[in-house]
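Just below is one structure, and these are the notes that go with it.
Just so it is clear, none of the values below were taken in a lab; they were calculated from the coordinates. Model, not experiment: these values are computed from the prediction. Note that each Cβ is placed from the backbone with ideal geometry, even for glycine, and that neighbours are counted across all protein chains shown.
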Amino acid sequence: METTETYMPNQFYAVPLAELQADPNQPRKYLDPQALEELTASVTQHGVLDPILFRQDKKTGTLYVVAGERRCAAARKANLSTVPAVFIDSENYAEIALVENILRQDLNPVEEAEALKRLQDDHAYKQEDLARIIGKSTVNISETLSLTKLPQEIRDECRQDPTVPKNFLITLARNKQERSMLSQYAKYKQQRAKAAEKTAPASVRRNPAETLAASLEASGKKVTAMDMNTLTDGDRSLVIDAMTNLKGALENALSTVLQ
């Protein structure tokens, strides 16, 4: 929504939420649902305690959120009509947004890397410039930027999953081949899934009967999917022996169950 109101730099305003638009260059791309619900509960009870930072497009008059997208989202869910906000009149609003989000630790590793890369490309910054702006070492900046070399598939997943450790992603990005990155990431997800299964509450774990049923179903699908005509004589004998043994075990078990 466009507005013709004139705002003064660094002044405090109560800005209608309907007039605030998400900045297309906002570093934050992912809003954690649970964290948003918790913030909404707080905003409902206490209001927005920390002002939003916003800018105004000089051509259209449109107001864009520079920092505080999550607070705006919570305010909307809490049915607020306005939010406290401070007007920023600076061409370096992208830097402000990035620094503000990093200081709040609101960005996951991939969001931070992509925001840094965009800032670097837009302003032809060197890594030393970024280190000065963000207040971190050039080594940290270099490692963070390396995450933009990860395959798009991995970045898309990690953008939605802030639990993937940054150190793991940095190590992953050191691989020169995309196939190797994808393979190691798939292995990481498998290991994490197994660890989660071990620590899952007993109520969500499979009992022995459920595990057996799932295994039999999976085996049946594999048998159906296999083209037996392509097997060598040796492989055919191996499969026949295995199927025969399995058939005997299944018949014995079935007779016991049906008694």
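Could you tell me which of the pairs Lys222/Lys247; Lys221/Lys247; Lys166/Lys187; Lys117/Lys166; Lys136/Lys166; Lys166/Lys198 are separated by over 20 angstrom between their Cα atoms in the structure shown?
Numbers: Lys222/Lys247 16 Å; Lys221/Lys247 16 Å; Lys166/Lys187 16 Å; Lys117/Lys166 16 Å; Lys136/Lys166 15 Å; Lys166/Lys198 24 Å.
Lys166/Lys198, as the Cα separations exceed 20 Å there.
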Sorted by chain and then number, the residues having a modelled amide H within less than 5 Å of the amide H of Val66, at least 5 places away or on another chain, are Leu53, Phe54, Arg55
Taking H as built 1.01 Å from N, whose amide H comes closer than 5 Å to the amide H of Val15, not counting residues under 5 places away? Val83, Ala85
Does anyone have the angle between helix 33-46 and the longest principal axis of the chain? Alpha-carbon axes, 0 to 90°, nearest 10? 40 degrees
For the chain, the longest principal axis of the Cα atoms and the Cα long axis of helix 233-258 enclose an angle in degrees, to the nearest 10, of 90 degrees
³J(HN,Hα), Karplus 6.51/-1.76/1.60, whole Hz, each residue of the stretch 68-82, x for Gly, Pro: x, 4, 5, 5, 5, 4, 5, 5, 5, 5, 8, 6, 7, 9, 9
For Leu31, which sequence-distant residues (separation of 5 or more, or a different chain) have an amide H within less than 5 Å of its own amide H, given hydrogens modelled in the peptide plane? none
Compute the distance in nm between two label points, each set 7 Å from the Cα along the Cα-to-Cβ direction, one at Lys126 and one at His46. 4.4 nm
J(HN,Hα) series, the stretch 13-25, from Karplus relation 6.51 cos²θ - 1.76 cosθ + 1.60, nearest Hz, glycine and proline x: 9, 9, 9, x, 4, 5, 8, 8, 10, 5, 6, x, 9
How much mean residue ellipticity at 222 nm does the chain get from its helices, if each DSSP H run of length 4 or more adds -39500 (n - 2.57) and you divide by all residues, to the nearest 500 deg cm²/dmol? -18500 deg cm²/dmol
Read phi for every residue in the stretch 210-218 and hand back ³J(HN,Hα) as whole Hz from Karplus 6.51 cos²θ - 1.76 cosθ + 1.60, θ = phi - 60°, with x for Gly and Pro. 5, 5, 5, 4, 5, 5, 5, 5, 5
Based on the Cβ-Cβ distance from Ser146 to Ala35, what FRET efficiency comes out when R0 is 25 Å, to the nearest 0.05? 0.40
Angle between the chain longest axis and helix 109-123 axis [Cα atoms, degrees, rounded to 10]: 50 degrees
